[in-house]
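Below is one structure, written out as C-alpha coordinates; the observations come after it.
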Amino acid sequence: MQQPLRYDELAEALSRLGYTQNAAEYHGALCGALCVKEPAQIDPLKLIESSGKTDDATGGAAQALHRLRGESANSFTDAALGFVPLLPDDEEELPQRVRALSAWCEGFLYGLASGKPLVMKQCSAEFKEIVNDFTEFTRAGVGEEEDQELEETAYAELVEYVRVGAQLIYLELHERAPQDTASTVH
(Lines give C-alpha, C1' and ligand atoms only; values in the text may rest on other atoms or scores of the structure.)
Protein backbone atom coordinates (compact mmCIF):
# COMPACT_ATOMS: atom_id res chain seq x y z
CA MET A 1 0.00 0.00 0.00
CA GLN A 2 1.29 3.41 -0.93
CA GLN A 3 2.00 5.91 1.86
CA PRO A 4 -0.20 9.05 1.89
CA LEU A 5 1.27 12.08 0.18
CA ARG A 6 3.32 14.22 2.59
CA TYR A 7 3.30 18.01 2.72
CA ASP A 8 6.79 18.35 1.25
CA GLU A 9 5.87 15.99 -1.62
CA LEU A 10 2.78 18.08 -2.36
CA ALA A 11 4.84 21.28 -2.29
CA GLU A 12 7.34 19.76 -4.71
CA ALA A 13 4.63 18.53 -7.10
CA LEU A 14 2.92 21.91 -7.08
CA SER A 15 6.22 23.67 -7.67
CA ARG A 16 6.88 21.50 -10.73
CA LEU A 17 3.52 22.65 -12.09
CA GLY A 18 4.37 26.31 -11.52
CA TYR A 19 2.15 26.82 -8.45
CA THR A 20 3.61 29.54 -6.26
CA GLN A 21 1.11 29.57 -3.37
CA ASN A 22 1.45 27.61 -0.13
CA ALA A 23 0.87 23.87 -0.57
CA ALA A 24 -1.39 23.95 2.49
CA GLU A 25 -3.65 26.43 0.70
CA TYR A 26 -3.97 24.00 -2.21
CA HIS A 27 -4.88 21.12 0.11
CA GLY A 28 -7.39 23.32 1.91
CA ALA A 29 -9.02 24.30 -1.40
CA LEU A 30 -9.17 20.66 -2.44
CA CYS A 31 -10.76 19.66 0.88
CA GLY A 32 -13.26 22.50 0.77
CA ALA A 33 -14.22 21.49 -2.78
CA LEU A 34 -14.65 17.87 -1.64
CA CYS A 35 -17.20 19.11 0.89
CA VAL A 36 -19.42 20.52 -1.87
CA LYS A 37 -18.61 18.29 -4.85
CA GLU A 38 -18.04 14.65 -5.61
CA PRO A 39 -14.37 13.74 -6.16
CA ALA A 40 -14.90 12.98 -9.87
CA GLN A 41 -16.20 16.55 -10.34
CA ILE A 42 -12.91 18.03 -9.15
CA ASP A 43 -10.01 18.34 -11.56
CA PRO A 44 -7.02 18.76 -9.24
CA LEU A 45 -5.16 20.70 -11.94
CA LYS A 46 -7.96 23.26 -12.25
CA LEU A 47 -7.46 24.26 -8.61
CA ILE A 48 -4.17 25.82 -9.68
CA GLU A 49 -3.01 28.02 -12.50
CA SER A 50 -0.82 25.41 -14.12
CA SER A 51 2.10 26.20 -16.40
CA GLY A 52 0.54 23.91 -19.01
CA LYS A 53 3.45 21.46 -18.85
CA THR A 54 2.68 17.84 -19.60
CA ASP A 55 2.84 15.29 -16.82
CA ASP A 56 5.93 13.77 -18.45
CA ALA A 57 7.73 17.12 -18.11
CA THR A 58 6.65 17.57 -14.51
CA GLY A 59 7.77 14.23 -13.16
CA GLY A 60 4.33 12.88 -12.33
CA ALA A 61 3.15 15.98 -10.48
CA ALA A 62 -0.35 15.77 -11.93
CA GLN A 63 -0.55 12.12 -10.86
CA ALA A 64 0.39 13.18 -7.32
CA LEU A 65 -2.47 15.71 -7.27
CA HIS A 66 -4.95 13.11 -8.50
CA ARG A 67 -3.67 10.71 -5.84
CA LEU A 68 -4.10 13.42 -3.19
CA ARG A 69 -7.70 14.01 -4.31
CA GLY A 70 -8.44 10.31 -3.75
CA GLU A 71 -6.63 10.18 -0.43
CA SER A 72 -8.42 13.28 0.84
CA ALA A 73 -11.84 12.05 -0.27
CA ASN A 74 -11.22 8.68 1.37
CA SER A 75 -10.09 10.31 4.61
CA PHE A 76 -13.40 12.21 4.85
CA THR A 77 -15.45 9.03 4.41
CA ASP A 78 -13.24 6.79 6.55
CA ALA A 79 -15.05 5.28 9.53
CA ALA A 80 -11.99 6.04 11.67
CA LEU A 81 -12.41 9.76 10.86
CA GLY A 82 -8.79 9.85 9.75
CA PHE A 83 -8.90 13.20 7.98
CA VAL A 84 -5.89 15.43 8.69
CA PRO A 85 -5.11 18.80 7.06
CA LEU A 86 -1.86 18.55 5.12
CA LEU A 87 0.54 20.92 6.91
CA PRO A 88 4.33 21.21 7.39
CA ASP A 89 5.95 18.82 9.85
CA ASP A 90 6.63 19.91 13.43
CA GLU A 91 10.34 20.28 12.57
CA GLU A 92 9.47 23.50 10.71
CA GLU A 93 9.53 26.77 12.61
CA LEU A 94 6.25 27.66 14.32
CA PRO A 95 5.64 30.86 12.30
CA GLN A 96 5.87 28.86 9.05
CA ARG A 97 3.42 26.25 10.39
CA VAL A 98 1.00 28.95 11.54
CA ARG A 99 1.15 30.62 8.10
CA ALA A 100 0.46 27.24 6.52
CA LEU A 101 -2.54 26.63 8.80
CA SER A 102 -3.84 30.09 7.97
CA ALA A 103 -3.38 29.37 4.24
CA TRP A 104 -5.09 25.99 4.64
CA CYS A 105 -8.16 27.67 6.16
CA GLU A 106 -8.20 30.28 3.40
CA GLY A 107 -8.00 27.56 0.77
CA PHE A 108 -10.72 25.54 2.49
CA LEU A 109 -13.10 28.50 2.45
CA TYR A 110 -12.30 29.07 -1.23
CA GLY A 111 -12.99 25.41 -2.03
CA LEU A 112 -16.19 25.48 0.01
CA ALA A 113 -17.38 28.40 -2.13
CA SER A 114 -16.58 26.53 -5.36
CA GLY A 115 -19.79 24.50 -5.37
CA LYS A 116 -23.38 25.56 -5.51
CA PRO A 117 -24.03 28.53 -3.21
CA LEU A 118 -24.47 27.54 0.40
CA VAL A 119 -27.61 28.78 2.11
CA MET A 120 -26.18 29.61 5.51
CA LYS A 121 -29.69 29.89 7.02
CA GLN A 122 -30.07 26.16 6.38
CA CYS A 123 -26.73 25.27 7.96
CA SER A 124 -26.41 24.30 11.59
CA ALA A 125 -25.16 26.75 14.19
CA GLU A 126 -22.05 24.57 14.55
CA PHE A 127 -21.39 24.81 10.79
CA LYS A 128 -21.68 28.61 10.88
CA GLU A 129 -19.37 28.82 13.89
CA ILE A 130 -16.73 26.68 12.18
CA VAL A 131 -16.85 28.81 9.02
CA ASN A 132 -16.53 31.97 11.13
CA ASP A 133 -13.63 30.48 13.07
CA PHE A 134 -11.84 29.38 9.89
CA THR A 135 -12.26 32.93 8.61
CA GLU A 136 -10.60 34.23 11.77
CA PHE A 137 -7.82 31.65 11.45
CA THR A 138 -6.86 33.12 8.07
CA ARG A 139 -5.44 36.03 10.07
CA ALA A 140 -3.50 33.89 12.55
CA GLY A 141 0.04 34.80 13.51
CA VAL A 142 2.67 34.24 16.18
CA GLY A 143 3.70 36.97 18.58
CA GLU A 144 7.44 37.58 18.81
CA GLU A 145 7.57 37.72 22.59
CA GLU A 146 5.11 34.94 23.31
CA ASP A 147 5.88 31.84 25.39
CA GLN A 148 7.03 29.31 22.78
CA GLU A 149 5.66 26.28 24.63
CA LEU A 150 2.27 27.97 25.05
CA GLU A 151 2.26 28.91 21.35
CA GLU A 152 3.06 25.31 20.35
CA THR A 153 0.17 24.05 22.47
CA ALA A 154 -2.20 26.64 21.00
CA TYR A 155 -1.10 25.68 17.48
CA ALA A 156 -1.73 21.97 18.15
CA GLU A 157 -5.20 22.79 19.49
CA LEU A 158 -5.99 24.88 16.40
CA VAL A 159 -4.88 22.08 14.08
CA GLU A 160 -7.13 19.65 15.93
CA TYR A 161 -10.04 22.11 15.76
CA VAL A 162 -9.51 22.55 12.01
CA ARG A 163 -9.30 18.78 11.53
CA VAL A 164 -12.56 18.11 13.34
CA GLY A 165 -14.26 21.22 11.95
CA ALA A 166 -13.55 20.24 8.34
CA GLN A 167 -14.90 16.75 9.00
CA LEU A 168 -18.07 18.14 10.57
CA ILE A 169 -18.65 20.43 7.60
CA TYR A 170 -18.10 17.51 5.22
CA LEU A 171 -20.52 15.30 7.13
CA GLU A 172 -23.19 17.99 7.35
CA LEU A 173 -23.01 18.78 3.65
CA HIS A 174 -23.01 15.12 2.65
CA GLU A 175 -25.58 14.17 5.30
CA ARG A 176 -24.21 10.68 5.67
CA ALA A 177 -22.18 8.89 8.24
CA PRO A 178 -18.66 7.74 7.43
CA GLN A 179 -18.52 4.42 5.62
CA ASP A 180 -17.41 1.58 7.82
CA THR A 181 -15.17 -0.68 5.80
CA ALA A 182 -15.07 -3.33 8.52
CA SER A 183 -18.00 -5.60 9.12
CA THR A 184 -19.86 -5.10 12.35
CA VAL A 185 -20.89 -7.85 14.73
CA HIS A 186 -24.19 -7.56 16.59
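Report, by residue number, each residue of the stretch 1-43 that is part of a loop (DSSP other than H, G, I, E, B), touching a helix residue (DSSP H, G or I) at 6+ places or on another chain (Cβ under 8 Å) and within 17 Å of H66 (Cβ to Cβ).
Q2, P4, L5, L17, Y19, I42
Of all residues being assigned to a loop (DSSP other than H, G, I, E, B) and open to solvent by 60 Å² or more (accessible area, probe 1.4 Å) in the stretch 81-97, which is modelled with the lowest pLDDT? Just the residue, please.
L81
Among the residues in the stretch 142-150, are any in contact (Cβ under 8 Å) with a residue 60 or more places away in the chain, more than 12 Å from the chain's Cα centre (by Cα) and in a helix (DSSP H, G or I)?
no
Using beta carbons and a limit of 9 Å, which pairs, at least six apart or on different chains, have the first residue in the stretch 111-126 and acidic (D, E) and the second one open to solvent by 40 Å² or more (accessible area, probe 1.4 Å)?
Close Cβ pairs satisfying both conditions: E126/L168; E126/E172.
E106 - would you say it is within 11 Å of the chain's Cα centre (by Cα), more than 23 Å from Q3 (Cβ to Cβ) and either outside any loop (DSSP other than H, G, I, E, B) or in contact (Cβ under 8 Å) with a residue 12 or more places away in the chain (or both)?
Here the answer is yes, as E106 does meet what is asked.
Could you tell me which residue of the stretch 24-59 is least open to solvent (accessible area, probe 1.4 Å), considering only residues that are modelled with pLDDT under 95 and closer than 22 Å to R99 by Cβ?
I48
Of the conditions (1) on the phi > 0 side of the Ramachandran plot; (2) surrounded by 15 or more Cβ atoms within 10 Å (Cβ to Cβ), E175 satisfies every one except a single condition; which number is it?
(2)
The values are calculated or read from the model by the stated rules, or taken from the named source; none is laboratory data. Since we're looking at a predicted model, the values are computed, not measured. In this analysis, Cβ positions are derived from the backbone assuming ideal geometry, glycine residues included, and neighbour counts consider all displayed protein chains. Note: areas computed on protein heavy atoms with side chains; ligands, DNA, RNA excluded. Shrake-Rupley method; radii C 1.70, N 1.55, O 1.52, S 1.80 Å.
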